[in-house]
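Coordinate-derived values only; no laboratory data. Note that the structure is a prediction, hence the values are computed from the model and not measured. Glycine also receives a Cβ, built like all others from the backbone with ideal geometry; neighbour counts cover every protein chain displayed.
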Ligand code: ADP
Ligand code: ASP
Ligand code: MG
């Protein structure tokens, strides 16, 4: 990425994409502070595209409003409703910039040229036409883009508003940085960067100076809400270095990027936890070909995202089949599977909606044995019962009872000594000390 000075010498200003999360724009005062930060960056000689999330808990409040009207809101109408949260914050940030004498314009996702597929509630960005944004920048304006949304086009005359899934403004930010070939992509949030665990439940969590795309994707996928999975994926594919940093303090953040020293760092880089887990067990499922397909095909068709599946070894012609989903999908899953139980002849379906998962993540896990046993020992010592285990090359996940999440995270953080600085890494043959930033709130 070119520095500001280098781009100025090349006669074009450096372009910075900044994204501000909901807590950063939660009220008028914070919006004014965000505007001041943007104005400062502009005074340094940069062009800016700024993505904003909805103010504070607006998205949750809009969801609750819809829920007070109906149990089953129409997905199209719901996306139209949710997109308004980001319209509010984008216009307000732009007004705050005007008040500082900075020319700016707020754009919806559609006006910013973001097109998506037609999957309401979890649309994927299909393409970005940057013409409007580029024209506004050329006219000397800071462009404020409403995050989390785009427009699906069924045909040239029929367009619909879509949203990108919870946390989707991160994805808007990274996608715009890629499409505009930005010099920097900064995600401002309410913590200083990426930590070894959620600093809200692990006060000893240590901030990481750098994390690889792969590790961050796993952490995000396993529940570290600080970055949306899709944003990290887009960053990885397009080689966008993502800086995660605090919007409240001027301190170094965390870089998400290709990490050549990944194998030399601690084998376990961090922990993630997720409370949004429900477990379904189908008891005494007939043990014959086609049964798994009969269960999971209709769930896939209905858009239910099945996470972990465990099928036991069969005995006397039957077996038990357990799988996990998000809690929001539990009612739908039961509705779909009830007639199938009767058809296929299972004994019963049991469900548990008070589940959670904890994961250890690190690129080095794949090359070193013993991590699973250390994880299980730590959980056992802490009295945490493991219900299901799943693994990937760089991750081990245990499903546990929700009320044991905090105990589990603390026990694992300690067992893998994550609060301690990482070992020295060899950079171009020179040993460099770990450059971890201070602890949250320090
Ligand atoms: P924003 O509104 O800025 O998008 P989010 O609430 O989506 O912010 O994400 C930031 C939150 O993510 C933090 O407040 C923190 O509690 C949580 N979090 C979870 N895991 C981590 C982690 N490993 N590192 C940093 N923050 C984390
Ligand atoms: N406002 C949306 C949400 O709460 C998108 C975002 O914050 O990134 O999920
Ligand atoms: Mg977020």
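Structure notes:
- Sorted by Cβ density within 10 Å, fewest first, the residues 258, 402: 258, 402
- Relative contact order [Cα under 8 Å, 6+ residues apart], segment 258-379, whole percent: 45 percent
- Spin-label model, residue 117/residue 338: points 7 Å from Cα along the beta carbon direction are separated by 3.0 nm.
- Taking the longest Cα principal axis of the chain as reference, the axis of helix 28-43 is set at about 60 degrees.
- Sorted from longest to shortest, the spans of the Cα atoms of segment 163-320 along the three principal axes equal 63, 36, 29 Å.
- Counting DSSP beta bridges with both ends in segment 107-189, the antiparallel % (nearest 5): 75 percent
- Quotient of C-alpha Rg and 2.2 N^0.38 Å, computed over segment 309-373: 1.55
- Report summary: the helix-based calculation at 222 nm, which adds -39500 (n - 2.57) for every DSSP H run with n ≥ 4 and divides by the residues of the chain, gives -10500 deg cm²/dmol.
- Cα-based Kirkwood hydrodynamic radius, the chain, one decimal, Å: 23.5 Å
- Helix 168-179 and the long axis of the chain differ in direction by around 50°, with both axes built from C-alpha atoms.
- Difference of contour (0.36 nm per residue) and Cα-Cα distance, residue 139 to residue 301: 53.6 nm
- Rounded tilt (10° steps) of 371-381 against the dominant C-alpha axis of the chain: 70 degrees
- Based on Cα contacts under 8 Å between residues 6+ apart, the chain shows a relative contact order of 14 percent.
- For the chain, share of DSSP beta bridges that run antiparallel, in % to the nearest 5: 65 percent
- Relative contact order %, segment 118-276, counting alpha carbon pairs below 8 Å whose residues are six or more apart: 23 percent
- Mean Cβ neighbour count within 10 Å, used as a protection proxy, ranking 244-253, 170-179, 274-283 highest first: 170-179, 274-283, 244-253
- Applying 1/(1 + (r/R0)^6) with r as the Cβ-Cβ distance of residue 239 and residue 326 and R0 = 30 angstrom yields a FRET efficiency of 0.45.
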